[in-house]
Structures are given as structure tokens and as C-alpha cells.
Amino acid sequence: MRTRFDVGCVIPMNDEGDIFRPGTVVFDETGIQYVGSPEACPAVAERTVAMPQGILLPGLLNGHNHAAMALMRGMADDSPLFEWLSHHVWPLEARLTPDDIYLGTLLASAEMIRSGTVGFADMYFAMDAVAAAVEKTGMRAWLARGLVGNEDPTGEKLAEAVAFCQAWAGKANGRLQTMLGPHAPYTCPPEYLARVAEAAKSHGLGIHIHLSESRDEMDQMATLYQKTPIQLAHDAGIFESRTLIAHGVYITADDLRWLEGIQGGVISCPVSNAKLGNGIMPYPLLKEAGIPVGLGSDGAASTNNLDMFLEMKMMAWVQKLSGHRPDAFRAMDALWAATRGTAQVLGYDGGVLAPGRPSDFIVLDGGRPHLTPEWDVVANVVYAASGADVRYVVVDGRILLDDGLITTFDEEAVAAEARKRQALLAKR
Ligand SMILES: [Zn+2]
């Protein structure tokens, strides 16, 4: 169905830096047909949505998530990392069923759709359940089964992960893409990383991995292998395939030689990095080196909230703090990271609105007091808006949030079920 949105402002995030005010977007399931001013729009549409105060922009792409961990939101919060993982997260994960993971992914998806996220990169387990949830919600996803080398001596799980990738890649009308997910160098020894790298190369798969996230990880890798996690991954052959590096907080100038020519890039998770006390990703260093940088939330168990508007604010705040200058990182840099940056890391042609591109976009209600007046619409979107301002979400030409209502599943039933499961999981 051909649909037309007439709004107060369109920010297409194109290379020309256009902003159309007022603006019109026309799309269908095959992609965007028109972006520009309403007068020049030739297309006739079957449905027209008019929102004179609406701000329309590409949907946000969450480059690093463990969606099903939404079920653990707030569990044993503020505990030291290792205690939190070993006493709380891992024992509970051992008891999660595929049904729990399906439900947790739906819960996270309700939150993500409501806050303007159109797609996410996910690493978890029972990924068939995650993929089924993504099919249902209408979102896009890049899914990787998390691999822990220490628990996979025979490579059986790696083989399962490859089979998962082959079974689901391109499904749901291409909304589903798959990757391999070696968890991190402290859970996957170098020989195992090399096996994953080999499998990725021979099957043409991308890789999603946590690297250089914490001081502890840096110290451990230095002690065990006299290498940084980036060098370790490089030497194992990981970067010979497209790689999504989650976090990258401790990447140094010395690491750049290992990252030279990398396909993919780094996904910054500033709220998680701040909350766990890890530090600040060196954005200027990566930018200078031409390495794409995107934005992600990490799982709700550590980040508590999947609102990418909060991530954009936090990214801007910490980069300004780190650079000791307000212009060290601008509102547009944050919006770029959350749209085109993540798309570049994933090798996805979305994150920008132009004819022929995927019809993935969101509309905010720009008429609210905290978004008024409008001196600078990008500053309003990044510094003043929150996910709660999102009224419409369109993914692959389908309206998933229609004037504030989720159209693809019953979010209240999902929330009610999640409360029930939480009570059971707390007891089990
Ligand atoms: Zn993570």
C-alpha cells in the first residue's frame, strides 16, 4: 500500500544535509518513493497521515543488544560486574526456556518500537525463539547466537550457530539477517576465535563480538597473551569478515594498525559503559581513522532502558566531557551514529531517507512543550526529545506504531506475561 506522510519537518540524514520544512515522504513495501517538499510530490497515495508538528527521520538502529535480557531489568542492580554475572545473571540464564526468551524479546521489542528503534543487532541464545519474535514484531534484526568457547570444546555450538545463520538469513522479507557471535576474548580463547573466524569466512558471515569493554578485560588479555583484545581478534582472523565490535572503550592509537581496512566498525554503548563504570569510547580517534561508529544500548539487564534517544544524549554528554569542549561532539554526530553509523557497521543501506532506500522511519510529536520552540530541530531531537515522543514507526513499509499504538502484537498481554514470568523466575 502506498502511504504518504505530510509533516512539519523531514530530516532525511542524506549527504546533502537537507532538511525539508514542511516535508513529505511517500513509501510502500518496496521502499521509499519520495522525500522532499509537499508541493513537488507527484505520488498519489492510498493513505495520507498529516502531522503538521511531526518531525520525521530515519528509524534508529540499535547496534548492540541482548533483547531477551529485558526480563532481568533491574535485577541485582548496582552489584560489581563479576558478582552480578556469576551470582545473578548466569544462574538465571541457565533456567531460561526458549519461551522465556521469546517473551523477553517481545517485551524488548515493544519498548524499542515505542521509542523509535526500527532494527537491532542481537546476541543471545535460543536464537530460533528470538528470530520468531522478530518475525512477529515486524522489526529488523541482525541476530547472532552468543558463543562461549570454553563451553564448546567440540565446536558443536559453532556448527549450530552456522546452521542458525543459514536457516534465517534473509527471512521475514529480508528483515532478518544473521551473524556469528563469539562472545568476547575472555570467554573465547584465541584458538576458538580462529575457528569462528574460519567459519565466518567460509560461509560469508559477519561477526558480532564484545571487545575492549573493561579495564579487567584489558589486564586479563595482557597477562594471558600480551595482547590487546583488538590485536587478539585481529590475529585470530576475526577482522577478515565484517565485524561489529561492541563497546571498544579501551581502543588505543596502537590498536589502529590492527583495525586497518576493517569492514564493519565499533558500536558505542555509552549508558552501559557509564553505568558499569567502564569508561568512554575514543570517538575522535576512530573518526580520524575513518572507522565507522554506531550506537547501541546493550541489554536492559545492564542498561535498564532501551531508549536510543537516551543513548544519543549520553553519547554526546560523555564525548563532550572527554573532549572538555561542547563542540567536541555535536547533536548531529549523535543522530548520525544512531542511524547511518550503525547502518555502516552492519553493511545495511538504511539509516537514510531517499528514493529506493528501505522504508524505515519514525515520526515524533514536535508539538510538545519540551520540543518548543524550534531553533534547531536536530538539537531538539537529540537533547530534548525522548522515546516517549515517538508517534509513528514504519519498518519495511509497514506501520508498526500507528499514532502511538503497536499494530503487530498485544503489548499489554506481553507485559502481563512478563510480570508473571518474573515472579516464576524469582522462585524457580
Ligand atoms: Zn553486550
Where Lys and Arg each count +1 and Asp and Glu each count -1, what net charge lies around His247 among other residues with Cβ under 14 Å from its Cβ? -4
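Take Val345, Val89 and order them by how many other Cβ atoms sit within 10 Å, fewest up front.
Val89, Val345
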In a Gaussian network model over the chain where Cα atoms closer than 10 Å are linked, find which of Leu259, Leu56, Leu193 has the largest mean-square fluctuation. Leu259
Whole-angstrom gap from region 84-98 to region 359-398, using each part's C-alpha centre: 36
Across Gly350, Gly299, Gly237, the residue with the highest GNM fluctuation in the chain (Cα network, 10 Å cutoff) is Gly237
Please give me, ordered by residue number, the trypsin sites (Lys or Arg not before Pro) of region 150-180 that lie in loop per DSSP and have at most 16 other Cβ atoms within 10 Å. Lys171
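Could you line up Lys275, Lys427, Lys313 from fewest to most neighbouring Cβ atoms inside 10 Å? Walk me through the numbers on the way to the answer.
Working: Lys275 16, Lys427 6, Lys313 20.
Going from least to most buried by this count: Lys427, Lys275, Lys313.
When the Cα atoms of the chain are enclosed in a convex hull and the volume is divided per residue, what value in Å³ results?
Values: hull volume 57.7 nm³, N = 428.
Once divided by residue count, the hull of the chain is 135 Å³.
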Which of the peptides 384-393, 204-213 is most tightly packed, and how do the rest follow, judged by the mean count of other Cβ atoms within 10 Å per residue? 204-213, 384-393
Connecting C-alpha atoms closer than 10 Å in a GNM of the chain, tell me which of Leu371, Leu224, Leu306 has the biggest fluctuation. Leu224
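What does the charge add up to near Val390, with Lys and Arg as +1, Asp and Glu as -1, over the other residues with Cβ less than 12 Å from its Cβ?
Summing Lys/Arg as +1 and Asp/Glu as -1 gives -3.
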0 to 90° range, to nearest 10: angle between helix 411-427 axis and the chain longest Cα axis: 20
For region 205-219 and region 166-190, what is the centre-to-centre distance using only Cα atoms, to the nearest Å? 16
For region 279-323, shape from the Cα gyration tensor axes a ≥ b ≥ c, cut at a/c of 1.5 then a/b versus b/c, turns out prolate
In terms of the alpha carbon gyration tensor, root eigenvalues a ≥ b ≥ c, rounded if a/c is under 1.5 and otherwise prolate when a/b exceeds b/c or oblate, region 62-140 is prolate
Express the C-alpha Rg of region 245-402 as a ratio against the empirical globular expectation 2.2 N^0.38 Å, rounded to two decimals. 1.07
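Less than 13 Å Cβ to Cβ from Ser214, Lys/Arg counted +1 and Asp/Glu -1: what total charge do the surrounding residues give?
-3
Could you line up Arg257, Arg145 from fewest to most neighbouring Cβ atoms inside 10 Å?
Numbers: Arg257 11, Arg145 25.
Ascending number of Cβ neighbours within 10 Å: Arg257, Arg145.
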Note on region 62-103: alpha-carbon gyration tensor, axes a ≥ b ≥ c; rule is a/c under 1.5 for rounded, else prolate if a/b larger than b/c, else oblate; result oblate
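The numbers here are math on the coordinates, done by the rules we state, and not lab data. Here the structure is a predicted model, which is why all the values come from computation and not from measurement. Quick reminder, even Gly has a Cβ in these numbers, built from the backbone with ideal geometry, and neighbours come from all protein chains shown.
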